[in-house]
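Since every read-out is calculated from the coordinates, none of them should be taken as a lab result. Please read all numbers here as calculations on a predicted model, not as lab measurements. Reconstructed Cβ throughout: ideal geometry from the backbone, glycine too, with neighbour counts over all protein chains shown.
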Amino acid sequence: MKRSAKWAVGILLTATATFVALQNVSAPPDEATETAPPVTVTEGVTIPPTETETATPSSSIPNCAYTWAYHDAPGLTEMLDAAVKELNADAGAHATQFGEDCIAADGSAAFGVMQTDFYVRLPVEDLTNEEAFGVWISEVMQVVTQIPREQIPGPNYGFVEFLFEKNENERLVLRVPIQQYLTEAQGRTGAELFRMFYQQP
């Protein structure tokens, strides 16, 4: 299982580098040249820095009204989905950015991302297998926490929400805050890890 997780991490990081490289090739050159930040090297994979979407200052948008908003993160979704499928072909994942839309009087809007959240779905036959669920959570969290921080938009850590689904009516949902996992749960697995984050409905 650990070998699969390491393989998935490698797939995710390689996909990250490829995705960013394609963006850089297709993007038009900037009029002003700035010094690029140093690249990140993780487990032998060189990952160029990516741009993080930031909020447009409200002063630049007259009569700006803020509203909570969610936006898809297609690049991270593609990469994470491929990585979790390396762990289990039946699994699926997507990423969402949470933040604020700054809406002007003319209807135009600028989005400021606050955090990026991840959602992972796994079909299961038994909703009581806490040991297996905890092992799965550990493997996926290894993948997520190996993504360089600068590749994840938003100043705050988000969460990873796990959906274990037996059928349309029988499912179990568990949410793991990334910051809490990093400070309290690294190295834990199995039923111990599952019980640390599962809240009985």
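Approximating the spin labels as points 7 Å out from Cα along Cα→Cβ, the Lys85-to-Glu168 distance works out to 2.5 nm.
Shape class of segment 71-120 from the Cα gyration tensor (axes a ≥ b ≥ c, square roots of the eigenvalues): prolate, since a/c reaches 1.5 or more and a/b is larger than b/c. Equivalent ellipsoid of segment 83-183: semi-axes from √(5λ) of the C-alpha gyration tensor, largest first, are 30, 17, 11 Å.
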